[in-house]
């Protein structure tokens, strides 16, 4: 049972709406003066409010763009008008025109393979914007030590990119960054050489040591050499007492501080950091090898994959940084993802936040538990990764926005970017949490456009998309049509919203079985005009004997004396209607009649309850069944249950099939709502989007059928109400919740427990 549960019924946890709480969007970061290796408390709402008053600048998403192929590393031209991203699976460099960031335009992609072989791993653009430098891995593995390439392309005309130069580098190039300009231009390349096996898994402690290659690119500007200097890391790494794989450095990510001509390179698997001096254009120098160290979390980390979120465990977490970024001369940030295994000393990989270091290896600032607490409040905490590496902070970028230094850090598993203001490096100020597409891999900033617009961009590898955010110096405008959901307390950890209902005053939502103990969350709409809604209450569902109810809620309907919950079963006979009172105590449990169950062609596939709605008097329920009686037929089923007479009636709903692959991207119903004028509104959606790839999303729509048409055996005629895909760019796979509230229609997606919960007002129904 969750530790946050009150000891007795009614199991309702309520927190009052507080204006102060909303200062800084949610709970603010804890004071940065807390010890670097200790747990942290949460900064007071009053302090957060004061900090926000001093600096109002914040970001808002202006575009979410589906792209063809996995989107990984992203960069921008110096003028900020073109984005470039790597797509390893297709061997391409993608280009996007962002002259209007709110309406990005895909440009012709560039094949960067050599003779059909290779995958791009990183991209950088020269300071003059003339060339894109792409690191290409050429199908090396543990038995095939094939060297990689830097492939240079002339991008002055983004519509007609031309190949300009190839330079051979070491085996398995990963990250790269550029230093200098013109005749002093060089690329610093992390040669990881993962020595992958037949399954594509990296070998830890391999026989081939990685290295850092510094590549002279002056030939692009009239010079006559493309020499490569190799910096060996093994000797320095062996001198580091806590190096994990001293014979296998595997450098990961490069960042360059141009003011000091220094580079910082992460050696993730070794939990180490290398500092390079690049001030001599002819000879780079390894200055120092540092340990990234560990973070001790005492009673403030979730270590259990148990479908409940509770920061109560203790562990020593090795940082093992992935991306690194300079934030000031002599200070850099690390995104502490983790990539190793449990240590002999019991330490775990990944510190689940970020750290600011100086070049002597001293901790300037440590997030400790702050990042995960923000993830919990915003519904982005991935409990499925609690026993592994938690939120897995992977990407990091630093830039000045609105004249103030900022740090942006991306979470691969939580699908978000944290934004901090860095006016005081010892006390960074939390600004906001930005939802992204699924698993942001790449992150970049755009701060020097001629039109003055400042942007941040994520490349999201699991749903093949990019997110573009605009910075507003006076604060991003509120969006009451698409408010951000935030919990009032960590005790109200939330996510996976699969059904919505209302009592006319509040919204109520249920999660699916992403949470072990079923519950109902109350959503307070009071701040919707400010672009946010507060989850301020949890109603814990219990059996009559007080035991936790553990089902798979997919729909919820408010009735005068409580709620009906539609629980999806893994088989037809597992589907269940559950009546609970206002305190969440079970009053009744009902299964489909045996005669109705017998009509299903398959007992297991696509036959689950997906939504429930009730007549105003609570005497009639309408159920949406995802794909009807036979999953091989493009039909769903709508079931009406008249409770006083115990009469069950079934009608058939015709589904639209996906144009590309109806089997992989199958269609089905995911929600049902009865309107005051007697219509049944239905969400019909395909499985495109999400990890099915956002570019495959086609069918995301709301339709209606007259409730009076639900007669036995009738094939329904539907009317289109909203096309969410075309009218609202709704790419998310799991549009699963819908409710009419104050005369307007609201839709929400199920984020599977971590990721972007998109709650959107689509207008009059």
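A short reminder: the numbers here are calculations on the coordinates, not readings from a lab. Just so it is clear, the structure is predicted and the values come from calculations on it, not from any experiment. Neighbour counts are summed over all protein chains in view; Cβ atoms, including those assigned to glycine, are modelled from backbone coordinates with ideal geometry.
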Count the DSSP beta bridges whose two residues both fall in region 465-557, then state the antiparallel fraction as a percent rounded to the nearest 5. 80 percent
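What order, most packed first, do the peptides 564-572, 109-117, 406-414 have when packing is the mean number of other Cβ atoms within 10 Å of each residue? Intermediate results must be reported in sequence, preceding the final value.
Numbers: 564-572: 21.8, 109-117: 15.2, 406-414: 27.9.
Listed from highest to lowest mean packing, they are 406-414, 564-572, 109-117.
Starting from the Cα-Cα distance between residue 648 and residue 676, subtract it from 0.36 nm times their residue separation and give me the gain in nm to one decimal.
7.9 nm
Where both residues lie in the chain, what percent of DSSP beta bridges are antiparallel, nearest 5?
Beta bridges within the chain, antiparallel portion: roughly 95 percent.
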So what's the back-of-envelope 222 nm ellipticity for the chain, counting only DSSP H runs of four-plus at -39500 (n - 2.57) apiece and dividing by all residues, rounded to 500? -1000 deg cm²/dmol
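How big is the Cα convex hull of region 484-763 in projection, averaged over all directions, in nm²? Kindly include the intermediate steps, with their values, before the conclusion.
Working: hull surface 54.9 nm².
Orientation-averaged projected area of the Cα hull: 13.7 nm².
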Between region 83-141 and region 439-488, what is the C-alpha centre distance in whole Å? 21 Å
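With a 10 Å radius around each residue's Cβ, average the other Cβ atoms per peptide and rank 605-618, 720-733, highest first. Display every interim value, and only then the final one.
Working: 605-618: 21.6, 720-733: 19.5.
Peptide ranking by packing, descending: 605-618, 720-733.
If each residue's Cβ is checked for other Cβ atoms within 10 Å, how do 738, 533, 393 rank with the fewest at the top? Provide the component values of the computation, followed by the final result.
Working: 738 25, 533 21, 393 35.
Ranking 738, 533, 393 by Cβ neighbours within 10 Å, fewest first, gives 533, 738, 393.
Express in % the proportion of alpha carbon pairs of region 667-765 at distances exceeding 15 Å. List each step's numbers first, then the result.
Working: 2900 of 4851 pairs.
Here the long-distance tail beyond 15 Å is 60 percent of all Cα pairs in region 667-765.
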Return one quarter of the surface area of the convex hull spanned by the alpha-carbon atoms of the chain, equal to its mean projected area, in nm². 31.7 nm²
In nm, to one decimal, how far is the residue 561 label point from the residue 715 one, both placed 7 Å along Cα→Cβ? 4.1 nm
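If you take the beta carbon distance between residue 147 and residue 543 as r and set R0 to 56 Å, what does 1/(1 + (r/R0)^6) give as a FRET efficiency, to the nearest 0.05?
Details: r = 64 Å, r/R0 = 1.14.
The computed FRET efficiency comes out at 0.30.
Rank by packing, highest mean first: peptides 628-638, 447-457, with packing defined as the count of other Cβ atoms within 10 Å averaged across residues. Intermediate results must be reported in sequence, preceding the final value.
Details: 628-638: 19.5, 447-457: 17.3.
Going from most to least packed, we get 628-638, 447-457.
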How many angstrom lie between the C-alpha centres of region 575-616 and region 301-375? 44 Å
So what's region 230-313 giving for Rg/Rh, alpha carbon basis, Kirkwood Rh from the mean inverse pair distance? 1.16
To the nearest Å, what is the center-to-center distance of region 505-567 and region 713-765, using C-alpha atoms only? 18 Å
Angle between the chain longest axis and helix 45-54 axis [Cα atoms, degrees, rounded to 10]: 60 degrees
For region 112-291, treating each Cα as an identical point scatterer without solvent, what Debye log10 I(q)/I(0) comes out at q = 0.08, 0.11, 0.13 1/Å? -0.24, -0.45, -0.63
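Can you give the % of DSSP beta bridges in region 517-622 that are antiparallel, to the nearest 5? Intermediate values should be presented prior to the final figure.
Numbers: 24 of 25 bridges.
Of those bridges, close to 95 percent are antiparallel.
Relative contact order (percent) for the chain, with alpha-carbon contacts under 8 angstrom and 6 or more residues of separation?
Across the chain, relative contact order equals 10 percent.
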